[in-house]
Amino acid sequence: MSNKYDYDAVIIGAGISGLVCGCYLAKAGMKVLIVEKNAKPGGYCTSFTRGGFHFDACVQSLSSLRDDGNIRTALKELEIESRLGFKRYDPSDIIVTPDLKIHLWNDLDKTIQEFQHYFPKEANRTNEFFSYLKNIEGISFSALRSITFQDLLDKYFTDNNLKSIFSFLLLSNSGLPANKISAFAGAVVCKDFILDGGYYPDGSIQSFPDILMERFIEYGGEILLPCRVQRISVENNKAVGITLKKEKYLSSEFVISGCDATQTFLSLLGPGSMDDETTSLLSKMTTSLSSFILYLGTDGRITDVPLDSLVLFLPHYDIDALYHLTANGPVDQIDWFTVRVSSGKKRVLMHVNVPFQSDVYWNENKKRLIDVFISKMETIIPELSSHILFKDAATPKTLQKWTLNHRGAAFGWDWTPAQFALKGLSQITSIRNLYLTGHWTTLAQGVSGVTYLGRRTAKFILNRKDSLS
Ligand SMILES: Cc1cc2nc3c(=O)[nH]c(=O)nc-3n(C[C@H](O)[C@H](O)[C@H](O)COP(=O)(O)OP(=O)(O)OC[C@H]3O[C@@H](n4cnc5c(N)ncnc54)[C@H](O)[C@@H]3O)c2cc1C
């Protein structure tokens, strides 16, 4: 390290991307500090105990643990593969509509057979489509970046209900339906969650960030938590350090922001730091939807419900109407949801994407909406309400407060073709030595995606450091 700086690299946020980036940099011998505003690491990938029940706050399962998958690669390269065991739910997901039930099995052939059973006329095309998804690595990036996933579905299938099922999977996993999400992004989401999803770490979701933090410290990294970064300092268009509360200044050769991009650009970097092009781009960007999450503890006597698998309830096939309601409300009329029953039927988690609305809206409606959604869940879990011992919920307001993600966005920016891989809003910014990582980079989302980015951001920095020395 050059004696000029307190640190070689400072990372804002101990979300999964910040932690992974920190591990790679510290492993390479850099003096690294991660600053996290919460008292524990993980960001959206975290767990908590309340009312005697242990809940995963947001992330419920991980994907991409196949041999060359993003999370597996990071665990191997950081030499922590043997420290974290995973079980894989089988089926990982069950899609339930009024007229069918499709299981996503660990054995892809079994999954394909289920699709073919319900959509026999599309049997050959289903095989071809899944084979395409499996081989996505070989597909040229530029061919997919300007089209939507709907364009891709239209090339393969004619059955609108089948297309709606894929679109619904995307909506629930990324906050956008097929006709809005970029084809590249949709293909990555499908590949991650349909072909290689449903993994759960030993202990709870919190185990993953905890082990990354442990490894980061073993590599010599330092972590400050709970501690919120107030400002990023820039001199001559180069990031040079951060300021914490009480005006404590720490200088650093590189600054990496793993937190919300609007916060990074509009508040941490003071006015006038950004070039006009990025400022104008930011004003036009749209953020992904937020989530309403129910945490229910039960007496363990609920019936007729599969254990551990994620059940995705699609009430009808009109995805345009479904998305319009999801994006605009009214929230109580949103009629799809996902639900997972686990811990011997004692823990029930329900997710649905919702618009941010306002703080006042959630203050006034949270309690009522908990009961509204419990009653909707009784469509698939009979008499659920009579078994509940504990109930609470996280709203977009809760998610924003926990992570400072703008409007409680669940997946960073909307992953549309127009907002994909944008110059200045990707890992490399227009400010020298200021890098971004995580789901606000316009490049990836989900735990698998941000793990990939953490590793890739670290590689950019290590290459740059080499070229400077
Ligand atoms: C309800 C919900 C369910 C989800 N389910 C899944 C799932 O099952 N599987 C999956 O793969 N993905 C899921 N996702 C998406 C996934 O959680 C995210 O894409 C991923 O965790 C983002 O990681 P990140 O590191 O980019 O950012 P974050 O998790 O947002 O972490 C950013 C961190 O920065 C910290 N921070 C912010 N500002 C500051 C500051 N000024 N100073 C210091 N620290 C700061 C925050 O406290 C936070 O810890 C879900 C998301 C939501 C909301």
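Bear in mind these aren't lab numbers, they're just calculated from the coordinates by the rules spelled out. Treat the numbers as computed from the prediction; the structure is a model and nothing was measured. When we count neighbours, we look across all protein chains shown, and the Cβ atoms used for this are built from the backbone with ideal geometry, even at glycine.
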Viscosity 1.567 mPa s, 4 °C: Kirkwood-radius Stokes-Einstein D of region 27-99 over Cα pairs, µm²/s
82
Once phi is turned into ³J(HN,Hα) by the Karplus curve 6.51 cos²θ - 1.76 cosθ + 1.60 with θ = phi - 60°, what whole-Hz value does each residue of region 399-407 show in order, with x for glycine and proline?
5, 5, 5, 5, 10, 6, 5, 3, 6
For region 107-195, how big is Rg over Rh, using alpha carbon atoms and the Kirkwood form of Rh?
0.93
Which value does Rg/Rh take for region 346-413 over its C-alpha atoms, Rh per Kirkwood?
1.01
Given a Förster distance of 51 Å, report the FRET efficiency between GLU218 and LYS121 from their Cβ-Cβ distance, rounded to the nearest 0.05.
0.35
Per-residue HN-Hα couplings for region 343-357 [Karplus 6.51, -1.76, 1.60; θ = phi - 60°; Hz; x = Gly/Pro]:
6, x, 6, 8, 10, 10, 10, 10, 10, 8, 6, 9, x, 5, 6
Long-range HN-HN contacts of SER233 with modeled amide H, under 5 Å:
VAL240, GLY241, ILE242, THR243
To make sure I understand the rule: partners must be lysines, Cα under 17 Å from the Cα of LYS345, and not fewer than 8 residues away in the same chain. Which ones qualify?
LYS391
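In nm, what is the difference between 0.36 nm times the number of residues separating ASP107 and ASP320 and their Cα-Cα distance?
Numbers: separation 213, 0.36 × 213 = 76.68 nm, distance 3.11 nm.
That pair, ASP107 and ASP320, stretches by 73.6 nm at full extension.
By counting other Cβ atoms within 10 Å of each Cβ, how are ILE12, ILE302, ILE256, ILE381 ranked from fewest to most?
Fewest to most other Cβ atoms nearby, the residues stand as ILE302, ILE381, ILE12, ILE256.
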Rotationally averaged projected area of the chain (alpha carbon convex hull; nm²):
21.7
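Mind scanning LYS238/LYS465; LYS40/LYS87; LYS101/LYS376; LYS4/LYS40 and naming the pairs with a C-alpha gap bigger than 26 Å?
LYS4/LYS40
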Would you kindly derive the ³J(HN,Hα) couplings of region 373-389 from the backbone phi angles with the Karplus curve 6.51 cos²θ - 1.76 cosθ + 1.60 (θ = phi - 60°), listing them in order in whole Hz, with x for Gly and Pro?
6, 4, 5, 5, 5, 5, 4, 10, 10, x, 6, 3, 4, 6, 9, 7, 9
Tell me, in nm to one decimal, what length is gained between SER385 and GLU77 on full extension, where the rule is 0.36 nm per residue of separation less the Cα-Cα distance?
106.3 nm
Run the Debye formula on the Cα coordinates of region 202-262, all scatterers equal and no solvent, and tell me log10 I(q)/I(0) at q = 0.17, 0.19, 0.21, 0.29 1/Å.
-0.76, -0.89, -1.00, -1.24
Hey, what's the per residue convex hull volume over the C-alpha atoms of region 289-403, in cubic angstrom?
103
Is the C-alpha gyration tensor of region 34-193 telling us rounded, prolate or oblate? Criteria: a/c under 1.5 is rounded; beyond that, a/b larger than b/c is prolate, otherwise oblate.
prolate
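In what sequence do SER17, SER291, SER92, SER283 fall when counting other Cβ within 10 Å, fewest first?
SER283, SER291, SER92, SER17
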Among DSSP beta bridges lying fully in the chain, give the percent that are antiparallel, nearest 5.
70
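Fewest to most neighbouring Cβ within 10 Å: what's the order for PHE166, PHE55?
Going from sparsest to densest Cβ surroundings: PHE166, PHE55.
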Calculate the FRET efficiency for GLU247 and SER267 from the Cβ-Cβ distance with a Förster distance of 25 Å, rounded to the nearest 0.05.
0.95
